[in-house]
Amino acid sequence: MGFKENFLWGGATAANQCEGAWNVDGKGISVSDICTGGKFGQSKRITPVIEEGTFYPSHEAIQHYYRFKEDIALFAEMGFKCYRFSINWTRIFPNGDEKEPNEAGLKHYEEVIDECLKYGIEPLITISHYEVPFGLTKKCNAWVSREMIDYYLNYCRAIFTRYKGKVKYWLTFNEINSSAAPMGALLNQGILNELENPTIFMEQPDIPQQRYQGLHHMFLASALAVQMAHEIDPEYKVGNMMIYSASYPMTCNPDDVVLNQRYNRMYNYYCTDVQARGAYPAYADSLLKEIGVEIVKEPGDDEILKKGTIDFITFSYYMSSCQSSDPEQKSGEGNILGGVPNPYLEASDWGWQIDPKGLRYALNDLSDRYQLPLMVVENGLGAKDTVEEDGSINDDYRIEYLRKHIEQMKLAVEDGVDLMGYTPWGCIDLVSATTGEYAKRYGMIYVRRFDDGTGDFARLKKKSFYWYQNVIRTNGEKL
Ligand code: BG6
């Protein structure tokens, strides 16, 4: 027993966090481009108007737009079989509502895809990864509005037809369930209610009705995109992408257990239930009622959802947390989807609790629930790295994190899980999505770029580069 022979070992990035070139070759502004830098404990700001002299990390990111050939060559040297990246929607449709796509954008990703194929690397493309065109936010508050479905499908048609025969795997939305929490409103859905004044990223007023109505539109868009992809190329496989936030009852107090069940439904299952099963789950109505949400549906929507179920499930896995009915127990700092820290686990410097066994649990849970092939498309440790005088970067802590998670993936495979592949996050250092900083590094490749805007973007191989190379070479036997 072990990983399949054609297991998709690789790494993952997102355009807004690595490309830079934010206003080049016809690219429009995305929601990430209006977010300033921030750091742990100091939230980034959202500025609807770009401010002169303010630092926006996505504007230059790590210059992957210009250096993708060098980066993909490094991925190939590590032995990647797969590269997960996103197409920045605003390179293809700068404002989002144009009729015709921007040729320069289409050409760029064609070159990226060709570069991957040159090395036998399978592209795995995220269609929308926190890159909603800001033009659509201004026009209709993005996914709040049903008209987004058409804009999204135009975009899908442009890329599905252009890359036919070169790409096999697509993901409709990155971490779609981030919108079960307030954090997903802007990044995932392009929702911004204050278009005049800057706001603090983590302090925007939250309107759950908008997020859940937006999710309904995204479910429809995803289901229609699945059908469109299959019509354009029957070889296409389309997956979802969710955050799996492993969650445990803090104690065996039935109140904690019931609370944990509610958490799982709201954060871990709600979206994938719809995308994988093609219908809202039975608990949806009561859950939504509890938070004062009523979804507006049109006739035919249920049919669309039923016909557009995904081919495989992908998810990010970083951490776990607990649910407690004790009001004294406070939610942990780093928990994206909320939750109380687990006393049995240690946390990263950013407060994300490290729980490799939670990954085996996640894989088994999703496999039992949906009986679909699974892929772990994000996992990794955000940490500070030090470059030694001789240029080496000894990131043993990252190796330790990845090793333990891969061990648990292997056990899950032995448990019977159909696991397609593994693309750890930020295989090359990039900008953090939640805090907007460079200092939180995930890569096996170091990028010399810092939060004060200095650095020459040089790439350096970390110790984990060589370690991961050996993991891939031995198909996960040598950890
Ligand atoms: C996921 C996102 O939330 O986790 C990525 O899909 C993100 O975009 C990653 O970068 C890690 O989060 P962060 O905030 O540490 O960058």
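The values are calculated or read from the model by the stated rules, or taken from the named source; none is laboratory data. Nothing here was measured: the structure is a model prediction, and the numbers come from that model. Cβ sites come from the backbone with ideal geometry, for glycine too, and all protein chains shown count toward neighbours. Areas reflect the complete protein model, heavy atoms only, side chains present, ligands, DNA and RNA absent. Shrake-Rupley method; radii C 1.70, N 1.55, O 1.52, S 1.80 Å.
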Under 5 Å from the placed amide H of residue 248, counting only residues 5+ away or on other chains, we find 321, 322, 323
The answer for residue 353, listing residues at least 5 apart or on another chain whose modeled amide H is closer than 5 Å to its amide H, is 320, 348
Inter-site label distance for residue 388 and residue 368 at 7 Å from Cα along Cβ, in nm: 4.5
In whole Å, what is the distance between the alpha-carbon centres of the range 1-53 and the range 171-212? 16
Low-density loop positions, GluC sites (Glu not before Pro), the range 372-417 - DSSP coil, at most 16 other Cβ in 10 Å: 388, 389
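If one computes P(r) from the Cα atoms of the range 121-190, what percent of pairs lie at distances over 16 Å?
On the way: 1255 of 2415 pairs.
Here the long-distance tail beyond 16 Å is 52 percent of all Cα pairs in the range 121-190.
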Using per-residue counts of other Cβ atoms within 10 Å, averaged over each peptide, order 309-322, 358-371 from highest down. 309-322, 358-371
Any aspartates and glutamates whose Cα falls less than 20 Å from that of residue 404, other than same-chain ones fewer than 8 residues away, would be 346, 349, 355, 365, 378, 385, 395, 396, 414, 415, 418, 477
Using the Karplus curve 6.51 cos²θ - 1.76 cosθ + 1.60 with θ = phi - 60°, work out ³J(HN,Hα) for each residue of the range 303-312 in order, rounded to whole Hz, and write x for Gly and Pro. 5, 4, 4, 5, 7, x, 6, 6, 8, 7
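To the nearest 20 debye, what is the magnitude of the charge dipole of the range 21-144 about its Cα centre, counting +1 on the Cβ of each Lys and Arg and -1 on the Cβ of each Asp and Glu?
Approximately 440 debye in magnitude.
Per residue, how large is the accessible surface of the chain? Use a 1.4 angstrom probe and give square angstrom.
Heavy-atom SASA per residue in the chain reads 38 Å².
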If you count, for each residue, the other Cβ atoms within 10 Å and average over each peptide, how do 343-354, 286-297, 424-435, 159-170 line up from highest to lowest? 424-435, 159-170, 343-354, 286-297
With every protein chain present, what accessible area does residue 7 have (1.4 Å probe, heavy atoms only), rounded to the nearest 10 Å²? 0
Charge dipole of the chain about the Cα centre (unit charges at C-beta), most positive-ward option of 356, 2, 68: 2
Could you look at the chain and say what percent of its accessible area is carbon and sulfur, using a 1.4 Å probe and all protein chains? 50
Describe numerically, in nm with one decimal, the distance between label points set 7 Å from Cα along Cα→Cβ at residue 331 and at residue 404. 2.5
What number, in percent, do you get for the relative contact order of the chain if the mean sequence gap of Cα pairs under 8 Å and at least 6 apart is divided by its residue count? 18
Taking the Cα centre of each part, how many Å lie between the range 313-366 and the range 120-162? 30
Mind putting a number on the dipole of the range 131-287 about its Cα centre? Charges go on the C-beta only, +1 for Lys and Arg and -1 for Asp and Glu, and I need it in Debye to the nearest 20. 600
Taking R0 as 56 Å and r as the Cβ-Cβ distance between residue 257 and residue 100, the FRET efficiency 1/(1 + (r/R0)^6), rounded to the nearest 0.05, comes to 0.55
Within straight cross-link reach of residue 39, meaning Cα distance under 21 Å, which lysines are found once same-chain residues fewer than 8 apart are removed? 384, 440
If you plug each phi of the range 411-417 into the Karplus form 6.51 cos²θ - 1.76 cosθ + 1.60 with θ = phi - 60°, what whole-Hz ³J(HN,Hα) values come out, in order, with x for Gly and Pro? 5, 5, 4, 5, 5, x, 6
Contour excess over end-to-end distance, with Cα ends at residue 161 and residue 70 and 0.36 nm allotted per residue: 30.0 nm
With each pseudo-label sitting 7 Å past Cα toward Cβ, what's the residue 197-residue 475 distance in nm, one decimal? 6.1
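Which of the pairs 27/166; 107/306; 81/237 have their Cα atoms more than 25 Å apart in this structure?
Check vs 25 Å cut-off fails for 107/306.
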For the chain, with only Lys/Arg (+1) and Asp/Glu (-1) charged at the beta-carbon, what is the dipole magnitude about the Cα centre, in debye rounded to 20? 800
Using just the helices of the chain, give the 222 nm mean residue ellipticity in deg cm²/dmol: DSSP H runs with n ≥ 4 each add -39,500 (n - 2.57), and the total is spread over all residues, rounded to 500. -11000 deg cm²/dmol
